[in-house]
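The values are calculated or read from the model by the stated rules, or taken from the named source; none is laboratory data. In this text the structure is predicted, and so the values were computed from the model without any measurement. Cβ placement follows ideal geometry from the backbone for every residue including glycine, while neighbour counts extend to all protein chains displayed. All accessible areas refer to the heavy atoms of the entire protein, side chains included, with ligands and DNA or RNA removed. Shrake-Rupley method; radii C 1.70, N 1.55, O 1.52, S 1.80 Å.
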Amino acid sequence: MDPIEIVPLGLTHLDAVLDLGHRVYDVAKMPYTSWSLSSVAGHWDAQPDACWVAVDGTGLLGFVLGSLSYDKREDWGYLEWIALEGRARGKGVASALVEHCSDALFAAGASRIITDVEKGNEASAAMMRRNGFSEGVTVTLFVRPNPHVRQGPGRHTAQDPARARMRRAARGSRTP
């Protein structure tokens with residue numbers, strides 16, 4: 001593997017970040033969450049210094065997006081999105097991204113940082129524990145499907161209408 005760099009999220013990374021997020025996040029499991037350009041832009045606009053990417057000579061390895069405020073707590077940082085390419089797992093990339101994001105959030109005034117990990121994702125939970133996080137409040141999401149609508153077994157794929165426009169803009173901003 002080429003040398004890995006952790007760098008601030010930039011416009012040239014957006015296409016790869018959106019693509020990786022669409023591949024790894026199953027929004028059907030967490031219906032109150034959506035992955036879209038707005039998800040990235042909201043964090044990048046609010047707290048650009050808490051948005052990082054890991055890259056090597058072949059491209060994007062992963063990313064983290066954080067912001068300084070969670071719900072009504074303006075003194076809490078929120079590490080909301082983190083994702084890695086399979087080839088980057090087990091190499092400390094996620095921990096490096098978490099540290100960069102956490103350092104930025106604490107420097108901006110966070111008294112604590114929260115994140116959530118999907119139940120059963122033991123690898124992510126263990127990584128968060130290794131990086132100083134501990135379990136807090138647990139919430140169980142109860143779901144009631146519409147009995148009048150046939151529920152298919154297929155995975156919901158969210159469509160982001162601005163994605164194609166952003167891809168064109170990101171590709172156009174790359175320097176040779």
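Regarding Asp2, is this residue in contact with a Lys or Arg (Cβ under 9 Å, 6 or more places away or on another chain), of a type in the set (D, E, K, R) and surrounded by fewer than 21 Cβ atoms within 10 Å (Cβ to Cβ)? Judged against the criteria, Asp2 is not a match.
Could you tell me whether Ser67 is hydroxyl-bearing (Ser, Thr, Tyr) and touching a helix residue (DSSP H, G or I) at 6+ places or on another chain (Cβ under 7 Å)? Criteria met by Ser67.
Residues in the range 40-57 that are under 13 Å from Ser102 (Cα atoms), in a strand (DSSP E or B) and open to solvent by less than 20 Å² (accessible area, probe 1.4 Å): Cys51 alone.
Restricting to the range 113-124, give me the number of residues that are of a type in the set (Gly, Ala, Ser) and either more than 15 Å from the chain's Cα centre (by Cα) or part of a loop (DSSP other than H, G, I, E, B) (or both). Step through it out loud before you land on a result.
From the range 113-124, those of a type in the set (Gly, Ala, Ser) are 120, 123-124; that's our starting set.
Right, trim to either more than 15 Å from the chain's Cα centre (by Cα) or part of a loop (DSSP other than H, G, I, E, B) (or both) and you get 120, 123.
The total comes to 2.
One residue alone among Leu84, Leu60, Leu65, Leu37 is closer than 26 Å to Ile4 by Cβ, in contact with a Cys (Cβ under 8 Å, 6 or more places away or on another chain) and surrounded by 14 or more Cβ atoms within 10 Å (Cβ to Cβ), and that residue is Leu65.
Taking the range 70-93 as the range and being part of a strand (DSSP E or B) and under 21 Å from Val17 (Cβ atoms) as the test, the residues that pass are Gly77, Tyr78, Leu79, Glu80, Trp81, Ile82, Ala83, Leu84.
Pairing residues of the range 2-22 that are in contact (Cβ under 8 Å) with a residue 12 or more places away in the chain and assigned to a helix (DSSP H, G or I) with residues that are open to solvent by 50 Å² or more (accessible area, probe 1.4 Å) and of a type in the set (Ser, Thr, Tyr), at Cβ distances under 9 Å and at least 6 apart in sequence or on separate chains, gives Thr12/Thr175; His22/Thr157. Within the range 67-96, the residues that satisfy the criterion of being aromatic (Phe, Trp, Tyr) and in contact with a Leu (Cβ under 9 Å, 6 or more places away or on another chain) are Trp76, Tyr78, Trp81.
Checked across the range 129-151, the condition of being part of a loop (DSSP other than H, G, I, E, B), at pLDDT below 55 and farther than 28 Å from Cys101 by Cα holds for no residue. Filtering the range 25-36 for residues that are under 18 Å from Ala125 (Cβ atoms) and touching a Lys or Arg at 6+ places or on another chain (Cβ under 9 Å) leaves a non-empty set.
None of Ala96, Ala110 is buried (at least 16 other Cβ atoms within 10 Å of the Cβ), in a loop (DSSP other than H, G, I, E, B) and either in contact (Cβ under 8 Å) with a residue 40 or more places away in the chain or of a type in the set (Ser, Thr, Tyr) (or both) except Ala110. One residue alone among Tyr78, Tyr70 is among the hydroxyl-bearing types (Ser, Thr, Tyr) and more than 13 Å from the chain's Cα centre (by Cα), and that residue is Tyr70.
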